[in-house]
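In what follows, a single structure is set out as structure tokens and then discussed.
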Amino acid sequence: MNHRALGALVALVVFGLSVPLVSGQAPQARANRATGGTIPRTIDGHPDLQGFWTNDTLTPLERPTEFGEKAVLTREEATAYAKKRLDQYLAQPKDDIHYDDAIWQGENYDKQTTLRTSLVTDPSNGRLPPLTAEGQARAAARARRGGAAGPSDSAQTRTLAERCISWGNVGPPMIPPTYYANMQILQSSTQVAIRHELMHDVRIVHLDGTQQPGSAVQWMAGFSRGRWEGDTFVVETTNFTEETNFRGPPRTTRQDITTSTQLKVTERLTLVDPDTIRYEFTVNDPATWTRPWSGEIPMRRIEGPIYEYACHEGNYGLANILRAARAQEANAR
């Protein structure tokens, strides 16, 4: 991460809560609400999902081995795990610090709405199912291609995150990134837009019956169509590329687990109270995993606005990495 990104992150984490913030709802959205019970609703009667949200959580995607078969922690156990995370952050060498959400998560621990040991809820062991033979072969082939190229041979061998293309947290599924886990939801009768703070990703969910494109048309984040089932907003996404990665930032090479174009993700967003969305998802890719797998992440309302990531501005890290590699090659010659 370059110094510009580190500075912006520190400012957001350390000072973000002290800046005067605006409301998480546009005035027009507030004026158009038709209240039903405790759930805010839009003028057409659906739950009003609009506003600023975070899916930041201490809960990892997969259950750590230290918890064995324990699916849910006691409050005391969860507090100890949170302290362990924060202590790991504070113990980093001062000349090689990786900034993540440890401080933010520690400060907001009392707002965490789950004591589960993993975001994965199915399988019951809290871990991703095994890869299929095809998935293993695909992963091995990518590893071989990655090993054939040096990590600093060109911009194309660096991660998509370093190249300011995509971090991958836009999903689907929307799995919290290491930091910047905030987003804004905008809603109309025909489309829902999910705007992520990290990078520049905006996902459009079509509610107007827009036809699904043919399989040859693909996106990193897929093509999303939504519908309402009662008060739950259901989104089905297909037409992915083979670059989607569930193990961190998407990469052009050396991906840990990449999906196939057969991937389908089903998401369910339920506004359980004015400040909480229960976000559930199921991932089904028969060419990658031996069975579908599901997860759940609580999303809580935050005060906005969210800020422009401005990834390329001052992104000296990528250029300097490549320049240094060329200098090493020249010295070797």
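Per-structure values
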item: Any chance Arg158 is of a type outside the set (A, V, I, L, M, F, W, C), surrounded by fewer than 19 Cβ atoms within 10 Å (Cβ to Cβ) and in contact (Cβ under 8 Å) with a residue 12 or more places away in the chain; result: no
item: Breaking point among (1) within 20 Å of Ser124 (Cβ to Cβ); (2) outside any loop (DSSP other than H, G, I, E, B), for Leu61; result: (2)
item: Scan of region 268-287 for residues that are in contact with a strand residue (DSSP E or B) (Cβ under 9 Å, 6 or more places away or on another chain), assigned to a loop (DSSP other than H, G, I, E, B) and surrounded by fewer than 17 Cβ atoms within 10 Å (Cβ to Cβ), ordered by number; result: Pro274, Asp275
item: Selection from region 263-279 of residues that are in contact (Cβ under 8 Å) with a residue 24 or more places away in the chain and within 27 Å of Arg291 (Cβ to Cβ); result: Leu263, Lys264, Val265, Thr266, Glu267, Arg268, Leu269, Thr270, Ile277, Tyr279
item: Output for region 201-213, where each listed residue is under 21 Å from Thr241 (Cβ atoms) and either within 13 Å of the chain's Cα centre (by Cα) or assigned to a loop (DSSP other than H, G, I, E, B) (or both); result: Asp201, Val202, Arg203, Thr210, Gln211, Gln212, Pro213
item: Residue match in region 219-227 (condition: at pLDDT below 95, farther than 20 Å from Phe281 by Cα and either crowded, with 16+ Cβ neighbours inside 10 Å or charged (D, E, K, R) (or both)); result: no
item: Positions within region 34-90 being modelled with pLDDT of 80 or more, surrounded by fewer than 17 Cβ atoms within 10 Å (Cβ to Cβ) and closer than 17 Å to Gln187 by Cα, in sequence order; result: Ile39, Ile43, Asp44, Gly45
item: Selected residue (criterion: nearest to Asp56 (Cα to Cα)) from residues of region 181-200 that are assigned to a loop (DSSP other than H, G, I, E, B) and modelled with pLDDT of 80 or more; result: Ala181
item: Residue check for Ala216: among the small types (Gly, Ala, Ser) and part of a loop (DSSP other than H, G, I, E, B); result: yes
item: Top-ranked residue of region 298-327 - restricted to ones that are of a type in the set (A, V, I, L, M) and out of contact with any Lys or Arg (no Cβ under 9 Å at 6 or more places or on another chain), ranked as farthest from Ile277 (Cα to Cα); result: Ala327
item: Residue that is modelled with the lowest pLDDT, among those in region 103-144 that are in a helix (DSSP H, G or I), surrounded by 13 or more Cβ atoms within 10 Å (Cβ to Cβ) and basic (Lys, Arg); result: Lys111
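The values are calculated or read from the model by the stated rules, or taken from the named source; none is laboratory data. Everything quoted here is computed from the prediction, not taken from an experiment. Every residue, glycine as well, gets a Cβ built from its backbone with ideal geometry; the counts of neighbours run over all protein chains shown.
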